Amino acid sequence: MGKFAVEVIEKDEKTVKLKFKGVPLQILNALRRAALEYVPTMAVDLVVFRDNTSVLHDEIIAHRLGLIPLKSDEALNKYKSPEECVDVKPEESLDCYAHLTLEASTGPDEVKDIYSGDLKPVTDPKVRPAYDRIPIVRLGPRQSIALDAYARLGRGVEHIKWSPATISTVTYLAQINVDVSKCNLCGKCVEVCPREALAIEGNVLKTYEDRCIICRQCVRVCPTEAIDVTHKEDEYILTIESSGALRPERIVFEALKIVASKLDMLLSRLELIVKAEVRG
Amino acid sequence: MVIFPVRCFTCGSVIGDKWEYFVNEVKKGRSMKEVLDELGIKRYCCRRMFISHVDLIDELVRYSRKV
C-alpha cells in the first residue's frame, strides 16, 4: 500500500466522521463491518426476576434492559471474552459478569416511571447505563418490581444489543466535472439539485462537492451535456455513530485491531497449509 | 405500543431517553419537527418512532396482575 491520509471531518460525543485517502474500499468495508459486528461491549444478558407486579411481562422488561447501552470503555480490558464465558454461571464469576440490580415499588395512589438510572451497579460501578432517562416501565398503584440483571461482554454478531455502533457507513465522495465550453449557465441543474451543491456565482457554475449526494439529477436535466457527476477514485468517508457504550473513536481503534488480528490469523493458517504441502 | 421503545426499530439508535422531553414540548404547542431537530433526531426511521407512537401504558397501569 502506498501513501495514505486520514482526516477527521467531524467528531463529537456520539459520532466520528473520517476521510480516508489511499485506503482500499475493501479494507474500509471490513472496518465498517467489524465496528457493527465484532467490537465487544457490555449488555445485560440474563435477568432474574424476584418480583414483578407491573403491567409489563418479565420478558418485555428483560428485553428492554438488554437494549440499554452500558458504559463499556473500562470493561473491555477487564472482562473475559464471550467465548471464555460460555459455561460460566453469572452469579459466580466476576471476570465474566457484572451484576446490576433494580428495585422499586409504589404507594396506594402513586404512579411512577422507572428509568434506566434506577438500574444500580452492584459488583462494578463502572458498568452502568450510558443514559439515565430511558423509561423501563411505568408502575401503577401498589405495584413493585425487583430484579437482578447480569451483563457480559458480547458481540453484534450474536445480538444487536452488543453492537457499539448504531450507524457505520462508508460513502463515496462526489466529483463534479463541468465542461465550461459547453455550459450555457441556464441554471436548470441548480434548480434541480436537492442539496444545493451547485450555484451560479457571477459567470461560472460553482460546485460544492462535499454537499453532493451523487443523485445525478443535474446530469439528466442538463440540455448541453456540460455536467458529469462521478465519485473520486481513492477517497472515502467512514461514519460511525456510537450507541453510547463506547466512545466513537474507540470503536474505530477496536475495529481496526480486530481486522488486523483476523488477517494475522488467516496468514498463520495459510502458512501451516503451505508448510504441510511442502512436506507432504 | 404499550411503552415507548428503547431503540429505533430500523437503525438501533437510542431514542428512549428523549421521549419524555418530546411529549412535554409538543404538549406546550411546539411543532414536532422543531423538537425532533432540537433533539438531534436526524433520520426518518427514528423520527417516525416519535411521531407515530401512542403511549398505551396509562390505560393499563391501574390494573395489577394477580401473582
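The values are calculated or read from the model by the stated rules, or taken from the named source; none is laboratory data. This one's a predicted model, so the numbers in the text were calculated from it and none came from an experiment. Heads up, the Cβs are rebuilt from the backbone with ideal geometry, glycines too, and the neighbour counts pull from every protein chain shown.
Key figures
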quantity: Hits in the range B:27-49 (condition: under 14 Å from the mean Cα position of the chain (by Cα) and away from every other protein chain (no Cβ under 14 Å)); calculated: B:LYS27, B:MET32, B:LYS33, B:VAL35, B:LEU36, B:ARG47, B:ARG48
quantity: Residue among A:SER54, A:SER81, A:SER93 that alone is of a type in the set (Ser, Thr, Tyr), without any contact (Cβ under 8 Å) to a residue 24 or more places away in the chain and over 19 Å from B:GLY12 (Cβ atoms); calculated: A:SER93
quantity: Of all residues making up the range A:215-250, the number that are crowded, with 20+ Cβ neighbours inside 10 Å, of a type in the set (Ser, Thr, Tyr) and not in a strand (DSSP E or B); calculated: 1
quantity: Top-ranked residue of the range B:12-22 - restricted to ones that are surrounded by 15 or more Cβ atoms within 10 Å (Cβ to Cβ) and in contact (Cβ under 8 Å) with a residue 12 or more places away in the chain, ranked as farthest from the other protein chains (Cβ to nearest Cβ); calculated: B:PHE22
quantity: Filter result (surrounded by 14 or more Cβ atoms within 10 Å (Cβ to Cβ) and under 19 Å from A:HIS231 (Cβ atoms)) within the range A:181-194; calculated: A:CYS189, A:CYS193
quantity: Test: residue in the range A:139-146 that is under 26 Å from A:LEU246 (Cβ atoms), surrounded by fewer than 21 Cβ atoms within 10 Å (Cβ to Cβ) and either touching a strand residue (DSSP E or B) at 6+ places or on another chain (Cβ under 7 Å) or not assigned by the TED database to the domain that holds A:HIS231 (or both); calculated: no
quantity: Of residues in the range B:1-26 being assigned to a helix (DSSP H, G or I) and of a type in the set (Phe, Trp, Tyr), the one nearest to the chain's Cα centre (by Cα); calculated: B:TRP19
quantity: Segments classed as strands (runs of 3 or more DSSP E), wholly inside the range A:111-213, with at least 1 members that are under 30 Å from A:LYS78 (Cα atoms); calculated: A:112-115, A:135-139, A:144-154, A:165-178
